[in-house]
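Okay, so here's the structure we're looking at.
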Amino acid sequence: MSVYAYDESIVKSFNKIFNKDVSINVVENLFDFKAFIGRDDLQLPIINITRTGWAINDSRNHSMKFTGSELGHYVDEESGIIYFKGVRMMPININYQVDVFTDTRKENDLIMRELIFYLSTHPTLLVDIPYGLDIQHVFNLILDDTVEDNSDIAEHKNRGRYFRQTIGMYIDNAYLWKSYDESQIDMDFTFEMYSPKIEDEDLIEKESIDLPINKEGD
């Protein structure tokens with residue numbers, strides 16, 4: 001599963017948060033974002049989610065990318081071979097930027113307030129893992145501490161009046177997912193056991209031990 005599945009999960013959650021006529025767009029890089037905010041047909045309010053980058057997290061336990069986890073098994077009808085279905089995971093962090101565009105500053109503050117309250121009290125979201133695995137992963141969506149006011153007041157006369165606030169957020173427990181099917185391998189081992197011949201009489205077990213008898217004068 002690629003990183004994009006987390007993008008889709010976040011958009012679904014945002015739609016649930018606001019439950020009103022708010023357009024939510026995903027722009028995957030800042031170059032597209034600059035073109036997006038320069039459009040003449042910008043209809044407000046708009047919440048824009050930009051994935052700013054992601055990285056492999058070496059500080060987390062990533063042994064699962066080698067060993068994987070078994071999720072079940074099935075039998076091939078033709079060959080009769082048992083196959084085990086499993087998944088391997090590589091830990092990553094994903095960073096996002098959320099921009100709120102509105103006609104008025106009051107509306108902008110209200111939308112940002114709703115977003116912060118909801119994610120601060122409900123930080124856990126679900127992502128569906130495809131590839132026939134039929135499982136879900138719980139991840140944390142954490143907000144940055146600072147909200148930036150990026151309203152370009154100087155351009156209001158040229159582009160129309162809009163207000164923009166920006167906040168960063170990140171996922172610190174995401175994974176890259178990869179499914180696999182492995183067959184069960186039957187291995188036959190033959191063991192030959194033998195007993196060595198003992199030639200040294202001192203090592204041969206005796207039924208009785210003759211103890212020396214002390215004689216007078218000895």
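The values are calculated or read from the model by the stated rules, or taken from the named source; none is laboratory data. None of these values were measured; they are calculated from a predicted model. Cβ sites come from the backbone with ideal geometry, for glycine too, and all protein chains shown count toward neighbours. We work out accessible area using only protein heavy atoms, side chains counted, and drop any ligands, DNA or RNA first. Shrake-Rupley method; radii C 1.70, N 1.55, O 1.52, S 1.80 Å.
Where strands (runs of 3 or more DSSP E) fall entirely within the stretch 66-146, those with at least 3 residues that are surrounded by fewer than 13 Cβ atoms within 10 Å (Cβ to Cβ) and at pLDDT below 70 are at 69-75. Taking every residue in the stretch 93-117 that is over 30 Å from Asp58 (Cα atoms) and pairing it with any residue that is open to solvent by 10 Å² or more (accessible area, probe 1.4 Å) and among the basic types (Lys, Arg), at least 6 positions away or on another chain, the pairs with Cβ-Cβ distances below 7 Å are Val100/Arg164; Phe101/Arg164; Asp103/Arg161. Within the stretch 41-57, the residues that satisfy the criterion of being in contact with a helix residue (DSSP H, G or I) (Cβ under 8 Å, 6 or more places away or on another chain) and either among the basic types (Lys, Arg) or open to solvent by 60 Å² or more (accessible area, probe 1.4 Å) (or both) are Arg51, Thr52. Screening Asp152 with (1) closer than 30 Å to Ile46 by Cα; (2) open to solvent by 50 Å² or more (accessible area, probe 1.4 Å); (3) modelled with pLDDT of 75 or more; (4) not hydroxyl-bearing (Ser, Thr, Tyr) gives one miss only, at (3). Cβ-Cβ distances below 8 Å connect the following pairs, each with a first residue in the stretch 43-55 that is free of Cβ contacts under 8 Å to residues at least 24 places away in the same chain, a second residue that is part of a strand (DSSP E or B), and a separation of six or more residues or different chains: Gln43/Ser23.
Counting only residues that are touching a residue at least 60 places away in the same chain (Cβ under 8 Å) and part of a helix (DSSP H, G or I), which one in the stretch 15-29 is surrounded by the most Cβ atoms within 10 Å (Cβ to Cβ)? Going through the qualifying residues, I end up with Ile17.
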